[in-house]
Each structure stands twice: as structure tokens, then as C-alpha cells.
Amino acid sequence: MDNSVYQNPLITRYASRKMAENFSDEKRFKLWRKLWIALAESEMELGLNVTKEQVDEMKKYAEDINFDLAEKFEREVRHDVMAHVKAFGSQAKKAMPIIHLGATSCFVDCNSELIIAYDAIQIIKEKLVNVMDKLKNFALKYKDLPTLGFTHLQPAQLTTVGKRATLWLQDLTMDYHNLVNLENSFKLRGVKGTTGTQASFMELFSGDEGKVKELESKVVEKMGFDKVYGVTGQTYPRKFDYNMLCVLSQIAQSAYKFSNDIRILQNMKEIEEPFEKSQIGSSAMAYKRNPMRSERIGSLARYVISLPTNCAITAGTQWFERTLDDSANRRIVIAQAFLALDGILNIYMNVSENLVVYEKVIAKHIAAELPFMATENIMMECVKAGGNRQELHERIRVLSMEAGRNVKEEGKENNLIELIKADDMFKPVHSKLNEILDAKKFIGRAPSQVVEFIQNEVDPILNENGGVLGQKGEVKV
């Protein structure tokens, strides 16, 4: 690595090699050659003056990109597509006259960019379902473990650790379905010509519309797809980029929410992300165990969430059939959205399969709040034994205020139960207090909800993607 110039941290620190390779120049330019071959072969099959010898020569050099020569030509002609046409033609000399026949630059640009994006979606989908699988296991393991629920970040009714994990999971199931919808509606630009009218191909085929339509179908099929945009200008609709990045943004939002919850739980010492033996939390405070993985998820997620706005502006400023002010921008924003989300999911996998749960701390926090939550149950038991509901309510209110002062002003433990045990008005429940204060009586259907949700909504997704499960989260630094 050349340390004297800027290196993109998405490559050096966060994204996987697989995703980085997907957006590489090597893949891009190999796709260009594959598209040129598909075009020439289809034109030959439909009767144009393209020979099998020319097509075979193109296939011979399909993987052998002469990068140095292409760069030399681009410096001369200031046009990347024509530079690569010339570089390809310098190898496949007999095919040179028919390479790119009838096509515009966006034939290779747009179609290759769409294929690269499609492949990137597959990488994201694999990692998404792997995160879901790890959260499923965590949710089932802790489906019965009571924990304080929080609304407004204030203690509320109890839930379970596993039930809370299903909230993270539900976000991801929604993201998964959005991603699949994007995948299922995926289209190539196809073979449309300079302004999308296919005029150049009509000229080549002497006005035979049937052959022009068949040419497009053949090329798209050879590239492994079956759908094309019915109409385009020079490019595929840039609104698709916005739609695509909105789906990526939603996945980032889900990861962001998870990371914030873990950071708060780690502050409370209830749940921690993994912390390695030699890991340093702070350069100054040696005792610290900072949630750096979750912080990194949030940091990268913030970036991904911001990117759809960029694509919206691009989509809105495509004058008529197209303008070139999208090109340099899109080289950055689309690749980096996928690279950043890839990095997020790498960390999400790592954290979700290595979460550490401190059950005694959770129980301690419940014990500090549960007496307040149990007052209704205590009061009802006393009423059953013949007590006066209104008098009991007033007495519990007074004792609760006293216990609250004990906690907030004196910094002591919640002593409400001790106060109730010392009060004769509550004598009918003194022997039942341990039973009444059993935390599992306050979690409702949380355990059943975990099981039902996973069976009904998560397992079908995981079963459909069983062949890609088992990936591990990679944290480079």
C-alpha cells in the first residue's frame, strides 16, 4: 500500500474483499468485453456482416484486459469506452471493425453498472440473512430471560432479552423483503442506442423492428437476465439508483438502531459486544471497555443513510435524454454505499454472534424497579383478602414515595418491599411477596411471541437461504 497518498478506508478497513472486487476495474472492464461479445454474437446470429471468426477472436481476449494500453488511449482520446474499444481491438484485430457496432457508450456503461449492482445486492442479501440467523439463535436462547423494558429510555414493563432481539430481527425481515423486491424487479438497460430510440440498430437491420427487438432479447439473455426497461433515454433511469440506495439506507437504519441499543446496554453493563483479550478500550483509561464495534456500525450507517439524497438530486437533474453530470458522482456514491453497508454487516455479524449477557446485572436492575411495578398485583391480592382498594392504593402511594426518596435522595436501594412487609395493612400478602415478585409473571407472552415470530417470519427466510448461512463477521481492525 502506498502510504504517501490517501487510501479509501472503506477498502483498507471496513469492506470485505469480495465486495471490493465486485466494484473493481477488472470486473467492470471484463463485463464491457462480455457485453461487446454478446452484442457481436447476436448481430451475427441475426444476419449482420459479423463472422464467427471475429466473435471467437473477441472471446479469446475476453479476460485478458490490457490495462496499460487502455490507459494510454484514454489519455489521448479522453473517452474511457473508446479507449477500451481501441485496446480490445489491438488484441482482437480481425474483430476491430465490428466491436461496439451500433452501440453507444451507455450500452456497456449502464448494463455493466447494473450487473455489478445486482451482484452487490446478492452479497448484501447473504450477509443480511446471516445476521438474521445469529439474532435468531440469540433470541431463542434468551426468550425467557426477563429484563426491564424501556420507553422514553425510562424503565417500563418487563420484556425479555430474547423478545427485544426480535425487534432487531423484525427490522431486518422488513429489509430483506425490500431487498428481494428490488432483486425481483431488476432490469438491464438493454440495447437502446444513443438516445434510447434504437435508431442505429434500425439502420443496421434495414428497418426490421422484429430483428432489433430480438437483438435486445438475445443480448440480455446472454448476460444472464430476462428483463429490460421498456423505454430509456441514453441511460437507464437514474431513479433506480435512488430506489436501490433507499433499500440500502433502510438496512443501515436497522443496524444503527441495533448498535445504539447495544451501546446503551453496555453502559448499563447488561449486555456487551465482544471485547478481545488484547483489545485496548482507551489510550488514557486502561480500564475502559468501549463498544467500538457498535460505534463503528453507527458511524458507517450514518454515511449510508445520507446517500439516497445524493441520488435523488442526480435523478432530478437528468436533462431530457441525459446529462453527464451524473457520471463522476455515481462512480463514487453507488460503490461506496455498498462498500459501507458491507462493512456494517460484517461488524453486525461479528457482534450478534458474540454478545455477552450479564444475567445477574439484569436481575439486579429488575429488582430495583419491580417493586414499583408489582404494586398493582400486591394491592389486588390484599383486596381479595378483604382489604379496601382505595385505602390500599393511598397507602401504597405513600410507601412508594418514601421508597423513591430513599433511592433518589439517599442513593440507597429500593426498600419498598421492606416497607410493605413492615406494614400490617399488607399482612395478607406478606407470605406471597416472593411469588408476586417473580419477574417471569410480568413478561406476558414474550417467550411465545419470540417462538411464533421466528417460526412464522424468520425461518421461512432462513430456509430459503440455507445454502449461504454460516458466514462469520470480519472485523479487520
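The values are calculated or read from the model by the stated rules, or taken from the named source; none is laboratory data. Treat the numbers as computed from the prediction; the structure is a model and nothing was measured. Using ideal geometry, Cβ is built from the backbone for each residue, glycine included, and neighbour counts are taken over all protein chains shown.
Among residues that are assigned to a loop (DSSP other than H, G, I, E, B) and surrounded by 14 or more Cβ atoms within 10 Å (Cβ to Cβ), residue 354 is included.
Consider region 215-231 and keep the residues that are touching an Asp or Glu at 6+ places or on another chain (Cβ under 9 Å) and in contact (Cβ under 8 Å) with a residue 60 or more places away in the chain. The one that is farthest from residue 297 (Cα to Cα) is 215. The number of residues in region 210-242 being within 30 Å of the chain's Cα centre (by Cα), part of a helix (DSSP H, G or I) and crowded, with 17+ Cβ neighbours inside 10 Å comes to 4. Of all residues in region 164-188, those that are over 22 Å from residue 259 (Cα atoms) have Cβ atoms under 9 Å from Cβ atoms of residues that are crowded, with 22+ Cβ neighbours inside 10 Å and not hydrophobic (A, V, I, L, M, F, W, C), 6 or more apart or on another chain, in 187/236; 188/111; 188/236. Here region 433-474 is the region considered, the condition is being free of Cβ contacts under 8 Å to residues at least 60 places away in the same chain and either of a type in the set (Ser, Thr, Tyr) or surrounded by 15 or more Cβ atoms within 10 Å (Cβ to Cβ) (or both), and the residue that is farthest from residue 386 (Cα to Cα) is 448. Only residues that are touching a helix residue (DSSP H, G or I) at 6+ places or on another chain (Cβ under 7 Å) and of a type in the set (Val, Ile, Thr) were counted in region 5-22, giving 1.
When 396, 443, 366, 461 are checked against the criterion of being outside the structural domain of residue 270 (by TED's automatic domain parsing) and within 31 Å of the chain's Cα centre (by Cα), 443 stands alone in meeting it. Of the residues making up region 410-426, those that are in contact with an Asp or Glu (Cβ under 8 Å, 6 or more places away or on another chain) and surrounded by fewer than 17 Cβ atoms within 10 Å (Cβ to Cβ) number 1.
When region 56-71 is filtered for residues that are more than 21 Å from residue 45 (Cβ to Cβ), hydrophobic (A, V, I, L, M, F, W, C) and assigned to a loop (DSSP other than H, G, I, E, B), only 65 remains.
One residue alone among 67, 107 is of a type in the set (Phe, Trp, Tyr) and out of contact with any Lys or Arg (no Cβ under 8 Å at 6 or more places or on another chain), and that residue is 67. Meeting the requirement of 1 or more residues that are more than 30 Å from residue 171 (Cβ to Cβ) and either touching a helix residue (DSSP H, G or I) at 6+ places or on another chain (Cβ under 8 Å) or small (Gly, Ala, Ser) (or both), the helices (runs of 4 or more DSSP H) wholly within region 405-477 are 416-421, 433-436.
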